[in-house]
Structure formats: C-alpha cells, structure tokens
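Data block below; observations after.
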Amino acid sequence: MSWEEVTIGRSGAAVARSRGVYRKTADPDDRAVDLVAEGSRLAWLRGQGIPAPEVLDCRPGLLVTAEVPGRSAAEPWPAELRPKVIDALAEVLVRLHALPVAGCPYDRTLAVTIPEALGNEVDLEDLDAERSGWTRDQLVAELLRTRPGTEDLVVTHGDLCVPNVLFDPETCEVTGLIDVERLGVGDRWIDLAICTRSLTSDMNAQWGPELAARFLSRYGAEPDPGRIAFFRLLDEFC
C-alpha cells in the first residue's frame, strides 16, 4: 500500500492517506502526541452519535482511521453555500455541547488545562497578532490574571478550527469531526473562541466576521469578550 503525505493540520503527528484510510504516526514516547488518547476519544464520540472517523487500529505511536467523506471548511466553498456550512457547523456544536457531561470520561477543565499549559513550551514566533512580541512570562501572567472564576461545562471538541470539521459538498451537512485529541469536559467557550478566531483568520478569508457572527447567533450565544480572549490565550500554549 502506498501512502501520500498530508501536510494540512498541526496535530504534531505525521499524517498520510491511502485508499480510504488515514494513518497518524508519532514517537510513542512523545507525551505531547498521544494517539491512543485520540483514538479513544474518536470511538467514544462515534458512540454518542456524533459523526467522526471510525478507528481501524490504535496503539502507542499509531492511529489508523477510515476516511470520512466530505471536505473541510478550510477548503474553498461557493459563496451561496457558505451560510449553510456555517449553520451546519453551529448545529453540530450544539449537539456536541448537549451531550451529558457526566457521561464523558475526559477532563479538560481549567484544573487540568492550565497546569498542562504551564508545562508546555510556547512558539513565540507564532502568536496571535494581538500578542506578537510577548514573552512567555507575559503570556503566563496574563493567563493567570484573566482566568475565569467559573466554568460553563459541556463536552467540548477542544480544537474547533475550520480544518477539523468535514461537510458534504452538496448538502453541507457535517460528515465528521476530526483531530479530537483535546476533546473533553470544559467550558463551552473553548470551542466558541477558537472557532470564531478560525472563521475570522486571514487564512480563511471566505468566512469573515459576518459569518462568524452568524455562527454565534445560530449556536445561540452572545459574544463574551473576556472568555474569548482567555481561551484564545490558553490556546497559545497548545
């Protein structure tokens, strides 16, 4: 079987595809890339009725999944279909966030994610524009200063950027959530902050602020600038 390298995405693993199968590989000793944890989350997510890739093989350093039909929101979409894509994106997130928190075995609350963040290195050359030039000490100080006092807990995707959701190119229905290694119980604004940032990024100019606002409205949320800023800052450490 011949494999074609996939260069889109920033999972930290090497990704390749071949005849309807995707393969991720990583150093089994690299604690930053836990493919067994990702495979477990994919299987759990499918068991909840949320579209996600089927796990074909999963062990330390290896994750093999069946290809999900469709294409991501990071790819070009005709202007007339973009609102339908945004609506479908909001609707699948509503479904995900409606899953019972008590039934989710994965913890992504701040009690877990902040210590994890403080133990990670930060790519200071790849910060969001509003933090360009910051030192790691500045990032840490702002993270601790702005930590929310409460959490609105739901089952979160954890990295809900536009390459990580696939859609049917004709119906615009969601066919799969991918790259779910950060999935778990956490504040709903983890997903809302990262998704709206992705939709308004220069890299995804076909969407923009108007459709990002439509996404929030369709989801049923009013903008929360404080939580948006905090969770985007937390994502700098991931």
* To do: Among residues belonging to segment 137-151 that are among the charged types (D, E, K, R) and surrounded by 14 or more Cβ atoms within 10 Å (Cβ to Cβ), point out the one that is nearest to the chain's Cα centre (by Cα).
  => 151
* To do: Just give me the residues in segment 163-174 being surrounded by fewer than 21 Cβ atoms within 10 Å (Cβ to Cβ) and out of contact with any Pro (no Cβ under 8 Å at 6 or more places or on another chain), in sequence order.
  => 163, 169, 170, 171, 172, 173
* β-branched (Val, Ile, Thr) and farther than 19 Å from residue 173 by Cα: does that describe residue 6? -> yes
* Pairs, first under 14 Å from residue 221 (Cβ atoms) in segment 188-202, second among the polar types (S, T, N, Q) and not in a helix (DSSP H, G or I), C-beta under 6 Å, six or more apart -> 190/156; 191/156
* **Among the candidates 109, 25, residue that is assigned by TED's automatic domain parsing to the domain that holds residue 170, surrounded by fewer than 18 Cβ atoms within 10 Å (Cβ to Cβ) and among the β-branched types (Val, Ile, Thr)** => 109
* Asked: When the residues of segment 212-238 are filtered to those that are aliphatic (A, V, I, L, M), over 21 Å from residue 109 (Cα atoms) and under 18 Å from the mean Cα position of the chain (by Cα), which remaining residue is surrounded by the most Cβ atoms within 10 Å (Cβ to Cβ)?
  -> 212
* To do: Go through segment 13-59 and give me each residue that's part of a helix (DSSP H, G or I), over 16 Å from the mean Cα position of the chain (by Cα), within 25 Å of residue 89 (Cα to Cα) and among the aliphatic types (A, V, I, L, M).
  => 43
* Mind checking which pairs have a first residue in segment 68-86 that is surrounded by 14 or more Cβ atoms within 10 Å (Cβ to Cβ) and a second that is acidic (Asp, Glu), Cβ under 6 Å, 6 or more apart or different chains? -> 70/168
* Within segment 69-98, which residues are modelled with pLDDT of 95 or more, closer than 18 Å to residue 179 by Cβ and either of a type in the set (S, T, N, Q) or outside any helix (DSSP H, G or I) (or both)? -> 70, 71, 72, 73, 74, 75
* To do: Kindly state which strands (runs of 3 or more DSSP E) lie completely within segment 123-238 and contain at least 3 residues that are touching a Phe, Trp or Tyr at 6+ places or on another chain (Cβ under 7 Å) and in the same structural domain as residue 55 (by TED's automatic domain parsing).
  => none
* Taking segment 90-139 as the region of interest, how many residues are among the hydroxyl-bearing types (Ser, Thr, Tyr) and under 23 Å from residue 184 (Cβ atoms)? -> 3
* To do: Inspect all residues belonging to segment 29-46 and state whether any of them is at pLDDT 95 or above and on the phi > 0 side of the Ramachandran plot.
  => no
* To do: Taking only segment 190-211 into account, find how many residues are within 16 Å of residue 130 (Cβ to Cβ) and at pLDDT 95 or above.
  => 8
* Select, from 177, 199, 160, the only residue that is surrounded by 23 or more Cβ atoms within 10 Å (Cβ to Cβ) and either of a type in the set (Gly, Ala, Ser) or under 18 Å from residue 81 (Cβ atoms) (or both). => 199
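The values are calculated or read from the model by the stated rules, or taken from the named source; none is laboratory data. Everything numeric here is computed off the predicted structure, so don't read it as measured data. Methodologically, a virtual Cβ is constructed for each residue, glycine included, from the backbone with ideal geometry; neighbour enumeration extends over all protein chains shown.
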